[in-house]
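Undergrad: To start, I am sharing the structure in question, which I have written as structure tokens.
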Amino acid sequence: MIGAWLSTRSRAERFGLGLLAVVVVGATYFLLVWEPLSLAHARLLTRVAAERDLARHLTDVGARARLLEAERTPRTPYAGDANLLTFVTAQARAAGVQSYARKLSPSGADAINLMLENVPFATLAGWLVVLDDEHGVEVERINVSASKAAGFVTAQITLRARRG
């Protein structure tokens, strides 16, 4: 049917229709095959570059962490024969918590009470974790209330040397 219709057309019309068919096939190939593949390739190149940047960053962070670990000063655990008040005072000074202390007093042989005012919560929490994990001095009781400034707290704490 198409062949019969084409045979009735002049040579110039058949050439034009053939050229149009080539353009339509080419445009279809471009829109359905080439362009999607090209866009996918560009996205993949972007992702690969981002992954390389991330890998480089993680390598740098790992190297920095190893340097910091090597520079870290070893902690001394609390040796039950030392004065706990003196030990905690020294640790508070080293952690930057001493300036917030309003009251430090012994509570028996192996415990102390302290009151800290307007201390940054993150600093206090970090110091208490270090005392427990690295020095064997644990929180027996704590009462924390928010200060007027955001991120700051007032705390009443009883610390006790871990036994055993």
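Undergrad: With +1 assigned to the C-beta of every Lys and Arg and -1 to the C-beta of every Asp and Glu, and no other charges, what is the dipole magnitude of the stretch 99-147 about the Cα centre in debye, to the nearest 20?
TA: 320
Undergrad: What accessible area per residue comes out for the stretch 81-154, rounded to a whole number of Å², with a 1.4 Å probe? Present the calculation step by step, with values, prior to reporting the outcome.
TA: Working: 4040 Å² over 74 residues.
It amounts to 55 Å² per residue over the stretch 81-154.
Undergrad: For the stretch 108-164, what class follows from the C-alpha gyration tensor (a ≥ b ≥ c being the square roots of its eigenvalues): rounded when a/c is under 1.5, otherwise prolate if a/b is larger than b/c, else oblate? Walk me through the numbers before you get to the answer.
TA: Details: a/c = 3.51, a/b = 1.79, b/c = 1.96.
Note, shape of the stretch 108-164 comes out oblate.
Undergrad: Set Lys and Arg Cβ to +1 and Asp and Glu Cβ to -1, take the dipole of the chain about its Cα centre, and tell me which of A50, L31, L114 lies farthest positive.
TA: L31
Undergrad: Highest GNM mean-square fluctuation, the chain, Cα pairs closer than 10 Å: which of A94, A55, A21?
TA: Comparing A94, A55, A21 in a Gaussian network model of the chain, the most mobile one is A21.
Undergrad: Would you mind estimating how fast the chain diffuses translationally, via Stokes-Einstein at 37 °C and 0.692 mPa s with the Kirkwood radius over Cα pairs, in µm²/s? Write down the numbers at each step before the final one.
TA: Details: Rh = 22.6 Å.
So the translational diffusion coefficient is about 145 µm²/s.
Undergrad: Along the positive direction of the dipole of the chain (beta-carbon charges: Lys, Arg +1; Asp, Glu -1; about the Cα centre), which of A65, L17, F87 reaches farthest?
TA: Checked the options; the winner is L17.
Undergrad: Here is a further query. Please list, in chain and number order, the residues 5+ apart from V153 or on another chain whose amide H is under 5 Å from its amide H, with Hs placed from the backbone.
TA: For V153, the qualifying residues are N118, V119, F121, S147.
Undergrad: Right, next: How large is the charge dipole for the chain, taken about the Cα centre, if only the Cβ atoms of Lys, Arg (+1) and Asp, Glu (-1) carry charge, to the nearest 20 debye? Don't skip to the end; give the middle numbers.
TA: Working: 19 positive and 15 negative charges, 115 e Å.
Taking the Cα centre of the chain as origin, the dipole is about 560 debye.
Undergrad: Of the candidates E69, E35, E140, which one comes out as most mobile in a Gaussian network treatment of the chain with C-alpha springs shorter than 10 Å?
TA: Evaluated over the chain, the most mobile residue of the options is E35.
Undergrad: Compute the FRET efficiency between A90 and R43 as 1/(1 + (r/R0)^6), taking r as their Cβ-Cβ distance and R0 = 45 Å, and round to the nearest 0.05.
TA: On the way: r = 57 Å, r/R0 = 1.27.
About 0.20, to the nearest 0.05.
Undergrad: Out of S105, S38, S145, any idea which swings most in a Gaussian network model of the chain, alpha carbons joined below 10 Å?
TA: Among S105, S38, S145, the largest mean-square fluctuation in the Gaussian network model of the chain belongs to S38.
Undergrad: Tally up the carbon and sulfur contribution to the accessible surface of the chain as a whole percent, 1.4 Å probe, everything protein left in place. Before the final figure, lay out each step's value.
TA: Details: 7360 of 11770 Å².
Exposed carbon and sulfur together represent 62 percent of the surface.
The values are calculated or read from the model by the stated rules, or taken from the named source; none is laboratory data. Because the structure is predicted, anything quoted here is derived from the model rather than measured. Cβ coordinates were reconstructed from backbone atoms using ideal geometry, including for glycine residues, and neighbour counts include every protein chain displayed. We work out accessible area using only protein heavy atoms, side chains counted, and drop any ligands, DNA or RNA first. Shrake-Rupley method; radii C 1.70, N 1.55, O 1.52, S 1.80 Å.
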